[in-house]
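Worksheet for the structure shown next.
Just so it is clear, none of the values below were taken in a lab; they were calculated from the coordinates. Since this is a predicted model, take the numbers as computed values, not measurements.
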């Protein structure tokens, strides 16, 4: 390919095959999203039609429009402040402080605590100073956490939002910091299953850190996976392309959560610097041996049908 950089199209080809036409009067038009970086790894912010090459069966197809269309990340942080969090809550705060400080200032974040019921500590905001203050505004409660309630209600909120056709697209990311304390919940297994399916449908990413709050207690550390929180989180994080991790010493959160913050920052930058490309094909019907490349030297990227990166 010489200086051209081929995009990661394998997963997107099937999506193209079933994608709906852009307009009923233009059956040969279709669209896809490109997220690209330059040779230094920085996001490309000025992608032009001449930078994208689309071909079918070796025949180049005209690029009729390239328009910037961000799909930013919005983060919801859920913190277990139940009865088992007393000795770990300061470590939760230290780690989450580092995570928030690692994120770009335009990332919208919501902060929720789980005990005695899910409660919004800080409403959705890009004011990270307010969020850092909010981390100090909740304390351990003498009540069980409601991890499942928080998860189900988050999914329900996303489903309600999805009905607003005028809302700007965004990538929902959920981060749950939990102990293995016995969870008190009001929802049934079918509700939990529906909630996780809703996350997958909405293209949300669920991430969970399970924290052992009883250092040296081997049985409790083993309980992280077998607790309800672990049993739900392990398959849910896998299904949504998220991350699951167990922490046996709470003080390690001070280093681990900022690392997660840097990873989320990279994801946000990629999501927030995307372009929607419109191509006018020579014929309608299924794509025939499609090939998508970037003509800009040194550029690399990914292509998706809907702007939600893998």
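Over the chain, what is the relative contact order in whole percent, taking alpha-carbon pairs under 8 Å and six or more residues apart? Can you show the working numbers first?
Values: 657 pairs, mean separation 116.5, N = 310.
Relative contact order comes out at 38 percent.
By how many degrees, between 0 and 90 and to the nearest 10, does the Cα long axis of helix 147-161 differ from the longest principal axis of the chain?
30 degrees
Report, to the nearest 10°, how far helix 228-239 tilts away from the longest principal axis of the Cα atoms in the chain, using its own Cα long axis and a range of 0 to 90°.
Helix 228-239 and the main axis of the chain meet at about 10 degrees.
For the chain, modelled as a Gaussian network with Cα springs under 10 Å, which listed residue fluctuates most, 209, 63, 100?
With Cα springs under 10 Å in the chain, the top fluctuation among 209, 63, 100 is at 63.
Gap in Å between the Cα centre of the range 112-165 and the Cα centre of the range 219-290?
Here the answer is 19 Å between Cα centres.
Restricted to Cα positions, what overall size does the chain have along the principal axes? Three whole-Å values, descending.
66, 41, 35
Given just the C-alpha atoms of the range 189-310, how large is their convex hull per residue in cubic angstrom? Walk me through the numbers before you get to the answer.
Details: hull volume 20.5 nm³, N = 122.
Roughly 168 Å³ of hull volume per residue.
Roughly how tilted is helix 89-102, in degrees to the nearest 10 and between 0 and 90, from the longest Cα axis of the chain?
Tilt relative to the chain: about 20 degrees.
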